[in-house]
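Inspection log for the structure reproduced underneath, given as structure tokens.
The values are calculated or read from the model by the stated rules, or taken from the named source; none is laboratory data. Model, not experiment: these values are computed from the prediction. Note that each Cβ is placed from the backbone with ideal geometry, even for glycine, and that neighbours are counted across all protein chains shown. Protein only, heavy atoms only, side chains kept; ligands, DNA and RNA dropped before computing areas. Shrake-Rupley method; radii C 1.70, N 1.55, O 1.52, S 1.80 Å.
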Amino acid sequence: MSTQERPFDACIFDLDGTLANTLASIAGFGNETLAAYGLPALPVERYKTLVGNGANVLMDRMLQAVGASFSPEKRREFRQEYDRRYESDPLKLVEPYPGIPALLQQLKEQGMKLGVLSNKPDNMARAIVQALFGALPDQAHGQREGVPTKPDPTAVLAMAADLGVRPDRVLYVGDSGVDMATGKNAGMHPCGVLWGFREEEELREQGAEFLVATAQELFQVATRT
């Protein structure tokens with residue numbers, strides 16, 4: 001298929017809840033960190049609504065959910081404790097969603113550029129992407145110092161530029177309203193996956209142009225087959 005026939009030149013993906021099921025992992029490290037401060041654990045499913053805006057926001061939401069009030073210094077220590085635990089085993093309880101590795105391979109064979117952009121800390125995002133998907137993505141980044149988190153479009157626009165593609169030729173794929181807003185803010189085409197952490201209604205409300213229930217449906221949207 002030529003680039004003229006193909007609707008998109010690149011797919012840029014969210015990571016958590018989109019390419020990889022990291023919920024049990026995040027919840028496990030989150031609850032370990034809460035326990036280290038004598039605080040109660042949260043149900044794993046609760047983390048679906050806590051994640052998505054970066055680790056700092058996750059910490060604040062966790063503490064709020066258990067009714068804890070920390071000073072800024074203690075809050076920083078709490079984040080450091082979480083990071084220490086997460087960095088010790090970032091692949092714990094993490095697995096790709098069904099069909100995702102094959103999807104990335106198929107898109108690559110179609111000549112598409114592939115990127116991964118997460119609000120997860122950069123070192124953790126890159127470690128997980130490398131372990132699960134190897135060299136299939138052309139670029140992978142998480143949250144970096146001095147770069148605004150999604151839904152600000154700065155990071156995703158920079159990635160598109162590095163990939164050599166126009167924003168309007170990018171399918172931005174994610175599982176949350178944050179992701180749909182990111183794609184929309186960047187002038188890209190937001191595609192919501194229905195197997196992730198958030199509900200279809202949220203994806204629609206935040207501007208999903210496409211909704212897919214399987215990796216094969218995503219391939220069809222990306223390649224118009």
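For the residues VAL147, VAL212, VAL173, a GNM of the chain with alpha-carbon springs under 10 Å puts the largest fluctuation on VAL147.
Considering only alpha-carbon pairs that sit under 8 angstrom and 6 or more positions apart, the relative contact order computed for the chain is 25 percent. Summarising the strand pairing of the chain, around 10 percent of its internal DSSP beta bridges are antiparallel. Note on segment 1-118: dipole from Cβ charges, positive end direction compared against LEU114, GLY17, TYR86; the farthest Cα belongs to TYR86. Rounded if a/c is under 1.5, else prolate if a/b beats b/c, else oblate: with a ≥ b ≥ c from the C-alpha gyration tensor eigenvalues square-rooted, which is the chain? Here the chain falls in the prolate category.
With a 1.4 Å probe and all protein chains left in place, how much accessible area per residue does the chain have, in Å²?
Accessible area per residue: 44 Å².
Each of ALA135 and ARG6 was given a label point 7 Å from its Cα along the Cα-to-Cβ line. The distance between the two points is 1.9 nm. Between ASP162, ASP179, ASP14, the Gaussian network model of the chain with springs among Cα atoms under 10 angstrom shows the greatest mean-square fluctuation at ASP162.
Classify segment 1-114 as rounded, prolate or oblate from the Cα gyration tensor: take a ≥ b ≥ c as the square roots of its eigenvalues, call it rounded if a/c is under 1.5, otherwise prolate when a/b beats b/c and oblate if not. Before the final figure, lay out the partial values.
On the way: a/c = 3.13, a/b = 2.60, b/c = 1.20.
Prolate, because a/c is 1.5 or more and a/b exceeds b/c.
Centre-to-centre separation between the Cα atoms of segment 139-184 and those of segment 29-46: 30 Å. Comparing HIS189, GLN139, LEU42 along the charge dipole axis of the chain, the residue lying farthest to the positive side is GLN139, per the Cβ-charge model. Here r is the Cβ-Cβ distance between GLU32 and GLU145 and R0 is 30 Å; the resulting FRET efficiency, rounded to 0.05, is 0.75.
Contour minus end-to-end for ASP89 and GLU217, with contour as 0.36 nm per residue of separation and end-to-end as the Cα-Cα distance? The partial results should precede the final answer.
On the way: separation 128, 0.36 × 128 = 46.08 nm, distance 3.23 nm.
Net length gain for the segment: 42.9 nm.
Below 12 angstrom from the Cβ of ASP138, what's the summed charge of the other residues (Lys, Arg +1; Asp, Glu -1)? It would help to have the intermediate numbers written out before the result.
Values: positive: LYS108, LYS113; negative: ASP9, ASP162.
Combined, the nearby Lys, Arg, Asp and Glu give 0.
Gain on full extension, evaluated as 0.36 nm per residue between ASP162 and PHE70 minus their Cα-Cα distance, stands at 29.1 nm.
For segment 78-193, the relative contact order comes to 18 percent (Cα pairs under 8 Å, sequence separation of at least 6).
How high is the relative contact order of segment 128-225, in percent, with contacts defined as C-alpha pairs under 8 Å that are six or more residues apart? Could you put the intermediate results ahead of the total?
Details: 137 pairs, mean separation 19.1, N = 98.
Relative contact order here is 20 percent.
Our helix-only sum for the chain, with -39,500 (n - 2.57) per DSSP H run of n ≥ 4 divided by its residues, gives a mean residue ellipticity at 222 nm of -13500 deg cm²/dmol. Of the solvent-accessible surface of the chain, computed with a 1.4 Å probe and all protein chains present, 48% belongs to carbon and sulfur. With an a/c value under 1.5 for the gyration tensor axes a ≥ b ≥ c computed over the alpha-carbon atoms, segment 121-225 is described as rounded.
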